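Input: a single structure, listed below in structure tokens.
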Amino acid sequence: MATSVAAVAGAAVVGVCLAVGSASAGTVSGSLYRDPSSAVVRWVAANPGDSRAAVIRDKIASQPQARWFANFNPSTVQSEVSGFIGAANAAQQIPVLAVYEITNRDCGGASAGGAPDLNQYQTWVSNFARGLGNQTVLIILETDSLALQTCLSGAELSARNQAISTATQTIKSANPNAKVYLDGGHSTWNSAGETANRLRAAGVQYADGFFTNVSNYNSTSGEANFGRSVISALNGMGISGKRQIIDTSRNGGASGDWCGDDNTDRRIGQYPTTNTGDANIDAYLWVKPPGEADGCRYTAGSFQPDLAYSLANGAPNPPTTAPPTPPPPTTTPPTTPPPTTTPPTTPPPNTSPPTGDGCYASVAVNRWAEGFTANVTVTAGKSDINGWTVTIALPAGAAVTGTWNAQASGTSGTVRFTNVSYNGRILGRQSTDFGFQGTGTGPGVTATCVTG
């Protein structure tokens, strides 16, 4: 398939959510966390002269969006989650985490991937849960996992349902204040009764409710009506007290086709808030970050400024009343937070593709006291490429401890990163991303890319 800022490096930010404690209607109250190192924030920081930057900054980068956890990284996911949660807690805001790791996700489509098997999935979830702390968090658990089941046999479906039910209970056990929502598809996919049946089979009785519209653009009113029907059906099954999350990130225009990579009639919908005015709805969220591709024309999940601009241009301005400045945190932040807690210390350079063929790579590094992570963008030239290798020199004392969306050869000195099966092909002038984490000071911003 499958985030915003209080301050963007060098860029003004307008538009905020409601103040802590001012929300009403559902079971969630408070302002939502705006991630200062999301893809859209990094793009705005790196492209201040782009004619689209101001609109994208003011209407998208200013807003809280979900952080997606979609890489199979069992050894590092706990620290990644812990740092993200720690930053949100310090800001006294509610973080939104989208878990997208189920085995055989997207039925092998544009967002294929996930854990190799369900045993390893449970290991990943357990590590994920250990980083959640004990304050309120919103968990969007496995988009499309229940609405899209056409690729599963009866035994596989039963195993998936059990895995999701177990994951829900694991998360709730680790953090009783975690709010967990399961996949409800959307109002033009499965019927309300069928959706309720699938939710019950996957253990919605252990969850706080369900989410809808991550995979489409249906109107908020239509999704709310659908949600009421699902809740009614669940009540008829003896499952009460469940509530809905609606993704409003891309539903400000026409509804219909799930893929937004080529659509220009979409707009961002209602700005994220927990103040829904509807007792059945806990929040309107931007689960799918506006500007991130669905996988039709661009690599799934990659940030594309033309998509972001299309969604934001002409959309209403966000709220402008700032919440009161929260008091300083009473607890000491982690001494070694992962990179998601601060903006990149080395913003990526402008990533305009080269005029010739081949590929090139740019590196954005987040450093902290004892380590770093690096996000690498690989861009094709004017022609499509099939396969790439990026070479990066690490300084003395630095070492790679984990890699996602690439295969690494070596851990220190000069390290070569090669594409994996699903991201080797890049269309002309398009990009894909991979990343790695390590100890030491981390690399510089230069990298060498070759095709093949």
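Residues in segment 116-128: is at least one touching a strand residue (DSSP E or B) at 6+ places or on another chain (Cβ under 7 Å) and either in a helix (DSSP H, G or I) or not assigned by TED's automatic domain parsing to the domain that holds Val96 (or both)? Break it down into steps so the answer makes sense when it comes.
Kept after step one, since they are touching a strand residue (DSSP E or B) at 6+ places or on another chain (Cβ under 7 Å), are these residues of segment 116-128: 128.
Then drop every residue that is not either in a helix (DSSP H, G or I) or not assigned by TED's automatic domain parsing to the domain that holds Val96 (or both), which leaves 128.
Checked against the condition, which is being touching a strand residue (DSSP E or B) at 6+ places or on another chain (Cβ under 7 Å) and either in a helix (DSSP H, G or I) or not assigned by TED's automatic domain parsing to the domain that holds Val96 (or both), segment 116-128 yields at least one hit.
Mind checking whether some residue in segment 86-108 is assigned to a loop (DSSP other than H, G, I, E, B), in contact with a strand residue (DSSP E or B) (Cβ under 7 Å, 6 or more places away or on another chain), among the small types (Gly, Ala, Ser) and not assigned by TED's automatic domain parsing to the domain that holds Asn405?
no
Take segment 55-79 and flag every residue that is in contact with a strand residue (DSSP E or B) (Cβ under 8 Å, 6 or more places away or on another chain) and under 30 Å from Gly314 (Cα atoms).
If the condition is that a residue be in contact with a strand residue (DSSP E or B) (Cβ under 8 Å, 6 or more places away or on another chain) and under 30 Å from Gly314 (Cα atoms), then Arg57, Ala61, Pro64, Gln65, Ala66, Arg67, Trp68 are the ones that fit.
Search segment 288-308 for residues being at pLDDT 90 or above and either part of a loop (DSSP other than H, G, I, E, B) or outside the structural domain of Arg250 (by TED's automatic domain parsing) (or both), and hand back the single one that is farthest from the chain's Cα centre (by Cα).
Checking each candidate, the answer is Gln304.
Could you identify the single residue in Thr264, Thr248, Thr195, Thr188 that is modelled with pLDDT under 95 and either in contact with a helix residue (DSSP H, G or I) (Cβ under 7 Å, 6 or more places away or on another chain) or of a type in the set (Phe, Trp, Tyr) (or both)?
Thr264
If you scan segment 149-195, which residues turn out to be over 28 Å from Arg130 (Cβ atoms) and in a helix (DSSP H, G or I)?
Passing the criteria: Gly154, Ala155, Leu157, Ala192, Gly193, Glu194, Thr195.
Could you list, in sequence order, all residues of segment 408-438 that are of a type outside the set (A, V, I, L, M, F, W, C) and more than 20 Å from Ala70 (Cα to Cα)?
Ser409, Gly410, Thr411, Ser412, Gly413, Thr414, Arg416, Gly428, Arg429, Gln430
Residues of segment 102-114 being hydrophobic (A, V, I, L, M, F, W, C), surrounded by 18 or more Cβ atoms within 10 Å (Cβ to Cβ) and at pLDDT below 95, which ones?
Passing the criteria: only Ala110.
For segment 21-53, which residues satisfy the criterion of being surrounded by fewer than 23 Cβ atoms within 10 Å (Cβ to Cβ) and out of contact with any strand residue (DSSP E or B) (no Cβ under 9 Å at 6 or more places or on another chain)?
Gly21, Asn47, Gly49, Asp50, Ser51, Arg52
Every residue in segment 100-153 that is more than 20 Å from Val204 (Cβ to Cβ) and aromatic (Phe, Trp, Tyr), please.
The answer is Trp124, and nothing else.
Quick one: which strands (runs of 3 or more DSSP E) sit completely within segment 387-432 and have at least 2 residues that are among the β-branched types (Val, Ile, Thr) and closer than 30 Å to Asp306 by Cα?
388-393
May I ask you to list the residues in segment 45-64 that are of a type in the set (A, V, I, L, M, F, W, C), over 16 Å from the mean Cα position of the chain (by Cα) and closer than 14 Å to Leu307 by Cα?
Matches in segment 45-64: Ala53, Val55, Ile56.
Just need a number here: residues in segment 89-101 that are at pLDDT 95 or above and within 23 Å of Gln437 (Cβ to Cβ).
7
Take the residues of segment 175-192 that are within 21 Å of the chain's Cα centre (by Cα) and among the small types (Gly, Ala, Ser): which is surrounded by the fewest Cβ atoms within 10 Å (Cβ to Cβ)? Give the steps one after another, and end with the answer.
Step one: of segment 175-192, the residues within 21 Å of the chain's Cα centre (by Cα) are 175, 177-186.
Keeping just the survivors that are among the small types (Gly, Ala, Ser) gives 178, 184-185.
Details: Ala178: 22, Gly184: 30, Gly185: 28.
Once the filter is applied, the top-ranked residue is Ala178.
Tell me, please, whether a residue that is farther than 22 Å from Ser215 by Cβ, among the hydrophobic types (A, V, I, L, M, F, W, C), in contact with a Ser or Thr (Cβ under 6 Å, 6 or more places away or on another chain) and not in a loop (DSSP other than H, G, I, E, B) can be found in segment 63-80.
Within segment 63-80, not a single residue is farther than 22 Å from Ser215 by Cβ, among the hydrophobic types (A, V, I, L, M, F, W, C), in contact with a Ser or Thr (Cβ under 6 Å, 6 or more places away or on another chain) and not in a loop (DSSP other than H, G, I, E, B).
Taking segment 375-413, which residues are of a type in the set (Ser, Thr, Tyr), over 25 Å from the mean Cα position of the chain (by Cα), surrounded by fewer than 19 Cβ atoms within 10 Å (Cβ to Cβ) and farther than 14 Å from Val363 by Cβ?
Step one: of segment 375-413, the residues of a type in the set (Ser, Thr, Tyr) are 377, 379, 383, 389, 391, 401, 403, 409, 411-412.
Subsequent filtering for residues that are over 25 Å from the mean Cα position of the chain (by Cα) retains 383, 389, 391, 409, 411-412.
Pick out the ones that are also surrounded by fewer than 19 Cβ atoms within 10 Å (Cβ to Cβ) and you get 383, 391, 409, 411-412.
Once the filter is applied, which keeps residues that are of a type in the set (Ser, Thr, Tyr), over 25 Å from the mean Cα position of the chain (by Cα), surrounded by fewer than 19 Cβ atoms within 10 Å (Cβ to Cβ) and farther than 14 Å from Val363 by Cβ, segment 375-413 yields Ser383, Ser409, Thr411, Ser412.
Asn218 - would you say it is in contact with a His (Cβ under 8 Å, 6 or more places away or on another chain), at pLDDT below 95 and assigned by TED's automatic domain parsing to the domain that holds Ala300? Working first, answer last.
Working: in contact with a His (Cβ under 8 Å, 6 or more places away or on another chain): yes; at pLDDT below 95: yes; assigned by TED's automatic domain parsing to the domain that holds Ala300: yes.
For Asn218, the condition - in contact with a His (Cβ under 8 Å, 6 or more places away or on another chain), at pLDDT below 95 and assigned by TED's automatic domain parsing to the domain that holds Ala300 - is met.
Could you check segment 135-162 and list, in sequence order, the residues that are among the hydrophobic types (A, V, I, L, M, F, W, C) and over 21 Å from the mean Cα position of the chain (by Cα)?
Across segment 135-162, the qualifying residues are Cys151, Leu152, Ala155, Leu157, Ala159.
The values are calculated or read from the model by the stated rules, or taken from the named source; none is laboratory data. These figures come from a predicted structure and were not determined experimentally. Cβ: placed from backbone, ideal geometry, glycine included. Neighbour counts: every protein chain shown.
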